[in-house]
1. Hey, got the dipole for segment 73-138? About the Cα centre, +1 on K and R Cβ, -1 on D and E Cβ, debye to the nearest 20?
2. From the backbone phi of segment 144-150, what are the Karplus-calculated ³J(HN,Hα) couplings (6.51 cos²θ - 1.76 cosθ + 1.60, θ = phi - 60°) in whole Hz, Gly and Pro given as x?
3. Determine ³J(HN,Hα), in whole Hz, for all residues of segment 245-253 in sequence, where each value follows from phi through the Karplus function 6.51 cos²θ - 1.76 cosθ + 1.60 and θ = phi - 60°; x replaces Gly and Pro.
4. Starting from the amide H of Arg149, placed 1.01 Å from N in the peptide plane, find each other amide H under 5 Å away whose residue is 5 or more places distant or on another chain.
5. 5 Å is the cut-off here: which amide hydrogens, built 1.01 Å from N in the peptide plane, fall below it relative to Gly75, excluding neighbours closer than 5 in sequence?
6. Would you please state which residues of segment 124-158 a label at Gln96 would reach in this model, taking the label point 7 Å out along Cα→Cβ and a backbone N cut-off of under 18 Å?
7. Tell me, what is the per residue accessible area of segment 95-135 in Å², probe radius 1.4 Å?
8. Got a sec to turn the phi values of segment 289-296 into Karplus ³J(HN,Hα) couplings, 6.51 cos²θ - 1.76 cosθ + 1.60 with θ = phi - 60°, whole Hz, x for Gly and Pro?
Amino acid sequence: MMRIEPSRSYRPPLAGPQGALRPAAALIAGVLLASCGDQGSSRASATNAPQYGLRDSAGIRIAENPRPAPDSRLGWTVSAEPLVSIGTPEGDSTFQLHRVSDATRLADGGVVVANGGSLELLVFDAEGNHLDSWGGGGEGPGEFGGLNRVRPWAGDSLIAGDPEQGRISIFDSEGTHGRTSVLHGRDEDEGLLATVADPAQSLGAIGTIVPDVLIGVLPDGILFTGGSDNIAMVGFGRRDHAYALRTIDGDTRVSLGEYPGPLTYTENYQAGGGFIFIPLTHPFGNTTHAAIWGDLAVIGQTETYELQGFRSDGSLARIVRRDYEPGTPTQAEQDAHFREEFARYSDERRARTTEVAANVPLVDAFPAFGPVMGDALGHLWVADFKRPADEYAGTLWTVFDDEGRMLGLVRTPGGTTVFEIGEDYILGLGTDDLGVEYVEVWGLDRG
């Protein structure tokens, strides 16, 4: 539950490359999936099946891919144990990570962690020893009101995103602050939205327009950003997220349009001169995912298995599609998901959220895919949306080459939210049974 005073509001999370993944296994192995020819297979040509392969249309490369066989695996393996693990349940407070939102690996093997709990960038060497802490909470240059991203910048510098203040900050390799820029979002004059007159109505809101936040950086230094209304909705619906490409000064270079965010159901009630909002993200609801893929900004709506890649000038360069098997969730599956999610809540909070969950409508179909991200070699990784009946452990990804042709399936380590995929490593966040956070580096052998 979240208390919202009349002048404040709940912000639905921005869908992005670091969605809430909680996979659950460790080792990857298998065989290469049969490749798709550029002109489509002869079998497909002889039937009414889709013509899989690559084609060009008005300067856009379109990749149509079949559904992979369940046992299709790339010959890539992930180390059975992490090579480096940063974090501890006790001892030095520097190692007690809290609300980690992102991390990136440096050229020398060191790791920089965006630690939201302390509003600092924590710097560690290749063995996981703490070296330095940059930033801290505040409104001054190089300070943060929030942290959502840390990515490499030109040379050996780093860029960090502050979603609360709508800013980005750049630090050199020694932690010296270089500049801070505001990500200019929508017109600030739009101000506070109207308060819902009747909280029982099907859809209402109270909130403000918020600045954009950093999703990633294209190779030419153009920023890929997204933003949404700072809205606390009442009822069942989705708020649009506006995506854009911006200069380092924060100015809009080109708008990529608005896409619907996560499907959310919210109930509220009046208490203490304000409102208590209870928002639940639908466990099987559609959303929009976004990421950097090589030199493209990728956006995909999960209603269908299609992702669009935009150049830094805003032109559409790639469309990647993959066949998939639709499915419909049941009420029993939805109820079981909420029971598991609420199990760790306090008794009072569990009782209230369970009441709200009982009113969450079913959806017609599972999302076509989960979060997406690009790796250091130009591959696009698209996570499968894991359904309750799926028996595999971990998170299963479909890997596409730099033109959008499917290569095969890869499974990432259990309990890991993936932040970055390098040439020979996977960097992510793990959480133990006590809720202790660990930033981990796993070895990746591409065979």
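1. Result for segment 73-138 is approximately 340 debye, rounded to the nearest 20.
2. 10, x, x, 9, 10, 7, 9
3. Coupling constants for segment 245-253: 10, 10, 7, 5, 7, x, 6, 6, 8 Hz.
4. Gly161
5. Leu32
6. 130, 133, 137
7. Accessible area per residue: 40 Å².
8. Here the 3J(HN,Hα) series is 10, 9, 6, 9, 10, x, 9, 10 Hz.
The values are calculated or read from the model by the stated rules, or taken from the named source; none is laboratory data. The shown structure was predicted, so the numbers you read here are calculated from the model rather than taken from an experiment. Every residue, glycine among them, receives a Cβ derived from its backbone with ideal geometry; neighbour counts consider all protein chains shown. To get the accessible areas, we keep the full protein, side chains included, count just its heavy atoms, and leave off ligands, DNA and RNA. Shrake-Rupley method; radii C 1.70, N 1.55, O 1.52, S 1.80 Å.
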